[in-house]
Amino acid sequence: MTTEPAPVTGATAEGRTGAIDLSWDLPGWEPLVDHFAIHASKSPEVEISSATLVGTTVYGRFSHDTLGPEPVTRHYRIVTVDAAGGRSTPSETVRASSTKSMTTYGRALAQVGEFDSKSLELALAPAGGPRGFRAAFPDGVDFVHGRSDPGTDWSYLHPGPEDEWAGRTEHTFRLRFTLDTVPEARSDSRSG
Amino acid sequence: MVRSDARYPLDRRTFLTLTGISAAALAMGTGVPAHAAPVNSRVPADPFGLGIASGEPTPDGVVLWTRLTPEPLAEDGHGGMPPRDYTVEYEVAADDRFRDIVKSGRAVASPELAHAVHPEVTGLEPAREYFYRFRVGGEISPVGRTKTAPAADADPGSLAFAVASCQAWYHGHYTAYRDMAEQDLDLVLFLGDYIYEYGITEANLWRQGVGELSAAHAATTITLEQYRLRYALTKHDPHLRAAHAHAPWLVTPDDHEVENNYADDASQYGMSPEDFLRRRAVAYRALYENQPLHSDSLPEGPDMRLYRRLRYGKLAEFNVLDTRQHRNDVPSDGGTPGGEHTDPERSILGERQEEWLYEGLKVSDAVWNVLAQQVVVASIDRDTGPGTEYSMDIWDGFTANRERLFEVLTSNDVANPLVLTGDIHRHSATELKADFADPDSATIGTELITTSVASDGDGSDSDHLADLWLGNPHVKLYNARRGYLQVAMTPTEVTSEFKVIDQIEADDTGTVSTAARFVTEAGRPGLNEVSGGQQ
Ligand SMILES: [Fe+2]
């Protein structure tokens, strides 16, 4: 009959722009872990329910990366589910805050798509990459702000030389935009 | 038993019993005496939705398989079963009406194994057809047909088998299995990519007429429940169920049962080995749960024994290989002449599997020595011009391992090496050369490469890679349609029939035809084209 697996220990949480990264200690192989269920809440009492479930993984880490540009605080508890369907009591609660994105205070010079942790408004999304990138962007992405269309001209993924699906080569993407005057200080860019 | 090698210092079942309650529960899935079987509480209706199967035939037995799934597509991967043990009974008969029942027994379906059972039936007659079925509560499964291997010292006059690989469920219908289930077969070999880990979305769902899939299927498989669900979706297909019920299978996985192009503990997607092995562990668990594998292959953590040897009398020995779990990682040189990929330390099989393979080949007295494995052994120059370019994911990325294998084959006069391969989603056939750079060098073996059952959708006879493949003089066939390979083996020749289907995306009514037929004569390695080569 099924017994309850032990909850994970050593959980940590750390914020960055738009995301909070969690990690914990991986337990032994018996019982085999089906997955870790990550529950998040704005309040310190993290209720364990489908409403608070933000993701599942078998790895010893998870990035809650759909938090948006404004800084937010989240509390997390992790439930271990084993191969027999046994569920642990929740881990101890950890908390962290994401940090503010400069898109919330900077002045935008050019913007492609939305900062919404999704890429559906961009070319080839959600899964056209493996088949489509080389066909759609044989010379890489060349996007002219104000004239190009994010839905066809900006790939939702920008492959690098390690990405076999895009031919394991380097790709260049260009984002062209017009400035009224040459700025005195350097500008910054942000993706999300 | 023909399982010739000593695999573990400790008997597997003793080992499992010693390692604790959970492991013992897993072992009971292979069979228990009546007094050890739990009394069933109410069994949900229709628990055999994923069908039945048999595999690993020996002269005196087979492994039977089923998994209880009253709701096959339940998203927690448990198929709608309550989290309790159930006793499953099985019967093996000499006739399909079950008038002459020769074996019966019980196995325990436990939630640890997603209510899969793997009864290991022994005491059967060699080279005989049998029928089997399962019962749980008042529910009786469909009937399966299986066949034992001939006695170790027998001289079988013929052996008929089918070879399949790469069945991305979402790319098309399993018309290949519709056809396979109508053939007279002793055995089916599956050479990898039974499932694919990719999320199923509008973009890759080319199999038409299957309705809406829930959001759970759109996720890349990473957790055990996700791998279990993907197997359930795949095995729910009626033609695949029919093919499993039709003949015993020998299954070996390739990369997509875990993750694209992985190498041992190395993911190609920037993940630590520690994390990746967690994924490999759940993927291997789901693989064991969903295939008619012997308990020798029951995973321990992230490790799974998959290489093994089966004998069909003196006619053939099948060396089933695992070219993923023990291989070295992708070399840094990308295939430049003399670069890291030629390092003598590199192995696609790993040291222990190489040793096991060579020892077996050296002492084999079989007419045909078959390597049933995943990726192309022949060297394939992928540059159609004067330069050279090689794929590092196949044996070309492990040239020293190939040289060691060929050295064993030639210096020991291993009879009639025959390599069976999948992976490339194309039908192909190659002559294995002592020196691939010299077309006049000796042909030392033959490689038959089966196309995909479904992966890459409809396909076409020729495509943009045809020139590349056929530019290698030892490549004698190229066809980019979907299908499977059917082989008729006798002591004097092997006839290979490369079957193709005109379409698989629209529905399962496609027309099956033979694209090419070759004969390989015993004692004369290579390919004699009967019809349709050099597509
Ligand atoms: Fe494949």
(message) Taking the conditions exactly as written (buried (at least 16 other Cβ atoms within 10 Å of the Cβ) and closer than 30 Å to A:R174 by Cβ), does A:L124 satisfy them or not?
(response) yes
(request) Test each condition in (1) within 16 Å of the ligand (Cβ to nearest atom); (2) of a type outside the set (G, A, S); (3) in contact with a helix residue (DSSP H, G or I) (Cβ under 9 Å, 6 or more places away or on another chain) for B:L477 and report the one that comes out false. (result) (1)
(message) Suppose the filter is in a loop (DSSP other than H, G, I, E, B) and at pLDDT 95 or above; does B:A400 pass it?
(response) no
(message) From the list B:E212, B:E225, exactly one residue is away from the ligand (no atom under 16 Å from the Cβ) and in a helix (DSSP H, G or I). Which is it?
(response) B:E225
(request) Could you please let me know if B:P142 is surrounded by fewer than 18 Cβ atoms within 10 Å (Cβ to Cβ) and within 14 Å of chain A (Cβ to nearest Cβ)? (result) no
(message) If I filter segment B:198-209 down to residues being away from the ligand (no atom under 15 Å from the Cβ) and closer than 30 Å to B:E497 by Cβ, which single residue comes out as farthest from the other protein chains (Cβ to nearest Cβ)?
(response) B:G209
(request) Can you tell me which residue among B:E257, B:E274 is within 13 Å of chain A (Cβ to nearest Cβ) and either within 16 Å of the ligand (Cβ to nearest atom) or among the charged types (D, E, K, R) (or both)? (result) B:E274
(request) Can you work out which of the residues in segment B:149-174 that are within 28 Å of B:T234 (Cα to Cα) and outside any loop (DSSP other than H, G, I, E, B) is farthest from the ligand (Cβ to nearest atom)? (result) B:A160
(message) Which pairs turn up if I take residues in segment B:89-112 that are without any contact (Cβ under 8 Å) to a residue 24 or more places away in the chain and look for partners that are in a strand (DSSP E or B) and β-branched (V, I, T) with beta carbon separation below 6 Å, at least 6 apart in sequence or on another chain?
(response) B:K103/B:V92; B:K103/B:V121
(request) Could you please give the count of residues in segment A:31-62 that are polar (S, T, N, Q), surrounded by 17 or more Cβ atoms within 10 Å (Cβ to Cβ) and within 14 Å of another protein chain (Cβ to nearest Cβ)? (result) 2
(message) Looking only at strands (runs of 3 or more DSSP E) that lie completely in segment A:11-107, which have at least 2 residues being touching an Asp or Glu at 6+ places or on another chain (Cβ under 7 Å) and under 30 Å from B:S110 (Cα atoms)?
(response) A:33-41, A:73-82
(message) Please go through segment B:66-86 and give me each residue that is out of contact with any Leu (no Cβ under 6 Å at 6 or more places or on another chain), more than 14 Å from chain A (Cβ to nearest Cβ) and buried (at least 18 other Cβ atoms within 10 Å of the Cβ), ordered by number.
(response) B:T66, B:P70
(request) May I ask you to say which residue of B:T492, B:T511 is away from chain A (no Cβ under 14 Å), away from the ligand (no atom under 16 Å from the Cβ), surrounded by fewer than 16 Cβ atoms within 10 Å (Cβ to Cβ) and farther than 30 Å from B:L315 by Cα? (result) B:T511
(message) Return the residues of segment B:178-197 that are away from every other protein chain (no Cβ under 14 Å) and either over 28 Å from B:F131 (Cβ atoms) or within 16 Å of the ligand (Cβ to nearest atom) (or both); say none if nothing qualifies.
(response) B:L189, B:F190, B:L191, B:G192, B:D193, B:Y194, B:I195
(request) Could you tell me whether segment B:423-435 includes any residue that is under 18 Å from B:R524 (Cα atoms) and surrounded by fewer than 20 Cβ atoms within 10 Å (Cβ to Cβ)? (result) yes
(request) Specify the residue that is farthest from the ligand (Cβ to nearest atom); the eligible residues are those in segment B:406-446 that are part of a strand (DSSP E or B) and within 14 Å of B:P473 (Cα to Cα). (result) B:T443
(request) Sort through B:D264, B:D333, B:D296 and tell me the only one that's in contact (Cβ under 8 Å) with a residue 60 or more places away in the chain and more than 27 Å from B:P119 (Cα to Cα). (result) B:D264
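The values are calculated or read from the model by the stated rules, or taken from the named source; none is laboratory data. The model shown is predicted, which means the values in this text are computed figures rather than measured ones. When we count neighbours, we look across all protein chains shown, and the Cβ atoms used for this are built from the backbone with ideal geometry, even at glycine.
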